[in-house]
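Scroll down for the structure; my scribbles are underneath it.
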Amino acid sequence: MLAAALGIAAWIALDRSFATASVCSAVYARYTHAMPRFSVYAGFYWVGLFGMAALSGYGAKTSADPHRRRLLTHVLWGTLAFVLPSMATSWFVPAARAALPSVMCHFALILAAFLARMIALERRQAGEAASPTPASEPA
């Protein structure tokens, strides 16, 4: 996935016709995308999102480590909390039907909040592990 991401990023950067004719409103933007290039990118993007949800859900369910389960649950809920409302908005708000990528950018803030919380939990865990524990006194 990383090699594919680098290849797609280079392709988008070098291909000036990848996204054209942008129409921006106050909240979201719609672009005209050249096919099949956009289909390749969209497929890669959705495989990544599905992988985030499926693998974090599997890990949260099967992991023996409670801390790891908690972190994976953050990834799962963060992913679902931005993908599902984005899809619903694009489906039920007629003006946003052709603007799913832009709508998803707005809802990605929810994923960012879950990931920021996950980082805070990791820092706290690392801080607790690094702090010396007081030696118990003999009775």
For the stretch 2-127, what relative contact order do you get, as a whole percent, if you take Cα pairs closer than 8 Å and at least 6 residues apart?
-> 19 percent
Once phi for every residue in the stretch 9-18 is put through the Karplus expression 6.51 cos²θ - 1.76 cosθ + 1.60 (θ = phi - 60°), the whole-Hz ³J(HN,Hα) values, with Gly and Pro written as x, are 4, 5, 4, 5, 5, 8, 9, 5, 9, 4
Table column - 3J(HN,Hα) (Hz), the stretch 41-53, Karplus curve with 6.51, -1.76, 1.60, x for Gly and Pro | 4, 4, x, 4, 4, 5, 4, x, 5, 4, x, 4, 5
³J(HN,Hα), Karplus 6.51/-1.76/1.60, whole Hz, each residue of the stretch 92-97, x for Gly, Pro | 9, 9, x, 5, 9, 4
Collect residues whose amide H, placed 1.01 Å from N in the peptide plane, falls under 5 Å from the amide H of R97; neighbours closer than 5 in sequence don't count.
-> none
Place the peptides 72-82, 94-104 in order of packing, highest mean first, counting for every residue the other Cβ atoms within 10 Å and averaging per peptide.
-> 72-82, 94-104
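Coordinate-derived values only; no laboratory data. Note that the coordinates shown come from a computational prediction; the quantities given were computed from them, not determined experimentally. As a convention, Cβ positions derive from the backbone with ideal geometry for all residues, glycine included, and neighbour counts pool all protein chains shown.
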